[in-house]
Structures are given as C-alpha cells and as structure tokens.
Amino acid sequence: MKRLIRIIFLACCVRPLVSLLLGRCIKGREHLPVSGPAIIAANHNSHLDILYLIALMPLKALALLRPVAAADYFCSTPITSWLSSTFLGIIPLERKRSSFHADPLAGPAAALEQGEIVIIFPEGSRGKPEELGQIKPGVAHLAKRFPAVPVVPIFMRNLGKSLPRGSFVLVPFCGKAAVAEPRCFSGDTKLFTAELAATMQQLEDQVDAASS
Amino acid sequence: MNLHQWIAGSSYNTLPHGFLVLGLMIGGAVVGMLAGLMLKSNEVLIRSRTWLLIIALFSLGTWRPGFAPWLFGFISFLALREFITLLETRPADRGALFWLFPAIIIQYFWVGMQWYGMFIIFIPVWLFLFIPLRLVIAEETEGFIRSAGVINWVAMMTIFSLSHVAYLMQLPVVDVGHGLGYVLSLVIMTALNDVFQFIWGKLLGGPKIIPKVSPGKTWSGFLGGMGTSALLAAFLLPLLTPYSHLAGAGVGALLACCGFIGDVVESAVKRDIGVKDSGTSLPGHGGILDRVDSLTYTAPVFFHLTWYLFH
C-alpha cells in the first residue's frame, strides 16, 4: 500500500511537475538503470536533486528508487520522517555514528538485496552551490559488498541555482544532467573512489561543454 | 452546417483560410518527416518531429482566443527559464528573478481579460520599478546596475514582447470577433522569413551585413528574404486580415526587417555568453530562444501597427 501511494505520487505528481519546472535535459540517458539492483551515485547541491532524478528515471524504475538521505535532517521529526519515507522512499543514514558496532550501510545493503535502486550522494552533503565536493568512500564500501551490482555516476547542474541550500524560494533554471557508463567494483576501495571522482569531473565538463 | 461553424460557432470567417494554412504547415512537417525517413537523415527527421510538435501545440493554443494566453504564457515561461539559465546571475538576484515568474501569469491575465491599459504598462512601468527595489532589498551592491538592467531586459524580451502575440488573438478582425488571422499572419510570416533569408543567403552568398555578430547573414539573404516575404504577404494578409494587397506587401517587408533584427540581437546575446544554441529543449532546433528570437521583434511591431490602423 505504502509502495503504491509512493508510485502514484512520484509518477503523477513529482515527475510532471519537476519536468515542467526544470526541464529534462540529459546526456547518456541509455546508461540509466531500468531494473535493480543498482547504485546511482550523484552529486548533491539541492533538495531538488532527488526530485530531478525521479523525473529523469525510466518509469519502470520508479518503484525501485530508494534515495539514501541524512537521518539527522529528514528524520528529525516524526512527521518529516513519515513523509519522506512514504512519499520518497528514503533510506535514512546516520551521518554521525551512534555506536561503534552499528553498520551505517545496513539500510542500503538491505535495499540492494531486495533488488532496489539505491541513490547515494557520495559528497555527503549539499556543500557549496554548484561546486563538486570531495567524493567520500561510502559508495565504494557499498559496492565492495555487492561486486556484481553496477554503479551509475550522474552529474547534475543548475539545481543548486534553482533551490540552493538555505533557500525556500524556488527559481526555475533549466536542469542539466549527464550519466556515465555503469561500472562494477574494481577490487580496491581507494582506487574505486578516485575513479568515481574522476568520472564525476568528466561528467561536469561534459555538461558544461554541451551548452557552449 | 459548414466546417467553420461546426468548429468555432458563429462569425469565424477567417477559419477556413486559417485551417488551410495550418494544414499546409502540418503537411510540410509530415513531408519533412517522410523525406527524413527516405534520406535516412536523422537530423531532418528530428527537426521535422519537433516541427510537428510545435505546430500541434500552436494549433491547440489558437483553437479559441481564450487558449492563446495559456500557450504563449507557457512559451514565455520556457523562454525566460532558458534566458536566465544562460545568463550569469548573482545569488543576490534570485529574489528579483523569482518575481519574473508570477509576472508571466499576471501579464497574461491582463491579456485574457483584455485590459489593454494594464497589459501595456505592467512590465515597462510596474515591474520596471519593482525589480530595482527587490534588488536593493537583497543588499548586494556589487553588480547591481548590470543585474537591474539585465533582469528588466529579459522580462521585456520574454514576457512583454511575446505576450503581444496572445493579445493579437483578442483583437477583433472586422466581422470576425477574434484575431486568429492576425496571429497566423504574424507567426507564418516570421517563421517563413527566417527560412527565406536562409535560402537566399545560401543561394547567392556575397557580402556580409554584420560578420562580427552573425557571420551567416548576407545582404543577398536579407534583401531576397524581404522580397519573397513581401510577395507572400501581399497574398496571405488580405486572406487573413483587413490589410490590402499593397499594405500586405509593405507589412511583409517590415516584418522581414524586424525578424532580421530580432535574429541578430539574439546572435549578439549568444556570442556574448559564448554559446552556439540557446538551449536544448527543441531537438534539432536548439533552444526556445533560437525559435522565438525574431518573434520578440516582429510581434510588438505588427501588433502596434495593426492596433494603430484598425482598432
């Protein structure tokens, strides 16, 4: 039931509205996963990032989308917690470890085991507007546990201009996105993270070059 | 019951002509698609498919006078969004930029209720006075002058100018009660003039008009396009509007000049920013601004000429 509400909300409300407001400009659409399990690694500048990804994803994949979101932000009150898990299907992630033995990746790992598509923002926070922050190794650790699951890097542009951190007024700029080829875990966490960071950089250049 | 009564009720005299022209445009797009399929040219195919979509939307938006504000309001929105995405704006401009979007709705609301006095001053007076105020409230003085200028100019180009097309739809052509004939004349003449100028320029070549701004524009293209437009308008305008054959030719030539100006102004904008296309929202054509650039100049000129002469 919860799943059905979510699919209807995403397909009939979020997708048309976000497509209308921000457009659907994307390069490498064919690399987007149609079925799970898969990990999407995207840059993060705005609350719109998740919604824009939902608008770009193939309709078939909508039911499988599980964005990983900061527990301290999205689950700060019972209401926001209920809303974000019902309507967006978020997987809460503790940014600060509460106990030493708790597994921070348990949530995303369980979702992958169920064949879902996990969205991770490896920069960890929205950071400075329209700037690519440092890629943290969380994605690599998750990919290491699921070496057969493809990781799909996506770079998005202008959403940090449309709704930057700390602002509540949305000014619609055209969103732009570029998707890179899916890759699987390479065997080394550091190397994988560095490669991901390099790919993100390439995608950023690609998005910016497309307009000039 | 004949066709036009069936479609639009009473007093819709220009409709058979209008539908003839729309039919021709749709036919052209279909032929383009077939040609693309046969030549196996993906570019031609994508371009024609986009044309079909544009024509379908345009036909729907001009179906009844009341639909026009919705269609052109939407076009204004797309053009505005594309323009502010191209520009380098400051974070402090967000507050002022935001108000441009409600301004679209308000401007087209005046169009819909046919309040001419408000329609004609809302952007050039009220929004013009409001934008600097909003920028002052943001308390960022560095780059203030540029922002105030740019934001007002963007509003004039994408909202004010384009809203004239929707208002044309409300101007009653004699015996008809609406302005579909005006809108069709304006849009068809503007679109075809771009094509004529392009074809003549390719055919004849020769000296360029302003190579620093737009290296593709030649005197032969400009004058050839103007002549062809005048000839076409001499036949088309009397069919759709109160203009006579001679006046129609004059209007055709005038629209050719204005379309050219709109085109080169947008070229200068793109050159300043350093992009080739204004966007990617129309596959095969570039962005919205690449399509409506001429219209931002032809629409107000055609509107006010017609307003002065007939209304």
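Overview of results
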| item | result |
| --- | --- |
| Set A:209, A:178: member being among the hydrophobic types (A, V, I, L, M, F, W, C), within 14 Å of chain B (Cβ to nearest Cβ), surrounded by 21 or more Cβ atoms within 10 Å (Cβ to Cβ) and not in a loop (DSSP other than H, G, I, E, B) | A:178 |
| Some residue of the stretch B:210-233 being within 20 Å of the chain's Cα centre (by Cα), within 22 Å of residue B:23 (Cβ to Cβ) and of a type in the set (A, V, I, L, M) | yes |
| Test: residue B:210 is assigned by TED's automatic domain parsing to the domain that holds residue B:265 and over 30 Å from residue B:84 (Cα atoms) | no |
| The stretch B:266-275 - residue that is touching a residue at least 24 places away in the same chain (Cβ under 8 Å) and surrounded by fewer than 17 Cβ atoms within 10 Å (Cβ to Cβ) and, of those, farthest from residue B:188 (Cα to Cα) | B:273 |
| Filter result (touching a residue at least 60 places away in the same chain (Cβ under 8 Å), closer than 15 Å to residue A:199 by Cβ and not in a loop (DSSP other than H, G, I, E, B)) within the stretch A:112-164 | A:120, A:139, A:143, A:151, A:152, A:153, A:154, A:155, A:156 |
| Residue B:81, sole failed condition from (1) within 14 Å of chain A (Cβ to nearest Cβ); (2) in contact with a helix residue (DSSP H, G or I) (Cβ under 6 Å, 6 or more places away or on another chain) | (2) |
| From A:198, A:148, residue being surrounded by fewer than 16 Cβ atoms within 10 Å (Cβ to Cβ), away from every other protein chain (no Cβ under 14 Å), at pLDDT 90 or above and over 25 Å from residue A:24 (Cβ atoms) | A:198 |
| Any hit, the stretch A:185-192, residues being surrounded by fewer than 22 Cβ atoms within 10 Å (Cβ to Cβ), assigned to a helix (DSSP H, G or I) and either within 14 Å of chain B (Cβ to nearest Cβ) or of a type in the set (S, T, N, Q) (or both) | yes |
| Matching residues, the stretch B:65-74, being among the hydrophobic types (A, V, I, L, M, F, W, C), within 11 Å of residue B:104 (Cβ to Cβ) and crowded, with 24+ Cβ neighbours inside 10 Å | B:72 |
| Residue within the stretch A:68-77 that is touching a residue at least 60 places away in the same chain (Cβ under 8 Å) and either assigned to a helix (DSSP H, G or I) or on the phi < 0 side of the Ramachandran plot (or both) present | no |
| Residue in the stretch B:293-311 that is surrounded by the fewest Cβ atoms within 10 Å (Cβ to Cβ), counting only those that are among the β-branched types (Val, Ile, Thr) and modelled with pLDDT of 95 or more | B:301 |
| Condition met for residue B:290 (crowded, with 19+ Cβ neighbours inside 10 Å, touching an Asp or Glu at 6+ places or on another chain (Cβ under 8 Å) and within 14 Å of chain A (Cβ to nearest Cβ)) | yes |
| Any hit, the stretch B:100-121, residues being in contact with a Cys (Cβ under 6 Å, 6 or more places away or on another chain) and among the hydroxyl-bearing types (Ser, Thr, Tyr) | no |
| When residues of the stretch B:144-173 are limited to those that are over 20 Å from residue B:112 (Cα atoms), of a type outside the set (S, T, N, Q) and in contact with a helix residue (DSSP H, G or I) (Cβ under 8 Å, 6 or more places away or on another chain), the one surrounded by the fewest Cβ atoms within 10 Å (Cβ to Cβ) | B:144 |
| Selection from the stretch B:61-94 of residues that are within 17 Å of residue B:288 (Cβ to Cβ) and either of a type in the set (Asp, Glu) or without any contact (Cβ under 8 Å) to a residue 24 or more places away in the chain (or both) | B:61, B:74, B:81, B:82 |
| Output for the stretch B:242-284, where each listed residue is within 14 Å of chain A (Cβ to nearest Cβ) and in a loop (DSSP other than H, G, I, E, B) | B:274, B:275, B:276, B:277, B:278, B:279, B:280, B:281, B:283 |
| Filter pass, residue B:165 being touching a residue at least 40 places away in the same chain (Cβ under 8 Å), assigned to a helix (DSSP H, G or I) and within 15 Å of the chain's Cα centre (by Cα) | yes |
| Test: residue in the stretch A:41-56 that is of a type in the set (S, T, N, Q), surrounded by fewer than 20 Cβ atoms within 10 Å (Cβ to Cβ) and modelled with pLDDT of 90 or more | no |
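Here's the yes/no breakdown for (1) surrounded by fewer than 16 Cβ atoms within 10 Å (Cβ to Cβ); (2) in contact with a strand residue (DSSP E or B) (Cβ under 7 Å, 6 or more places away or on another chain); (3) assigned to a helix (DSSP H, G or I); (4) away from chain A (no Cβ under 13 Å):
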site: B:43; (1), (2), (3), (4): yes, no, yes, yes
site: B:100; (1), (2), (3), (4): no, no, yes, no
site: B:107; (1), (2), (3), (4): no, no, yes, yes
site: B:120; (1), (2), (3), (4): no, no, yes, yes
site: B:133; (1), (2), (3), (4): yes, no, yes, yes
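The values are calculated or read from the model by the stated rules, or taken from the named source; none is laboratory data. The model shown is predicted, which means the values in this text are computed figures rather than measured ones. For neighbour counting, all protein chains shown are included, and Cβ atoms are generated from backbone atoms with ideal geometry for every residue, glycine included.
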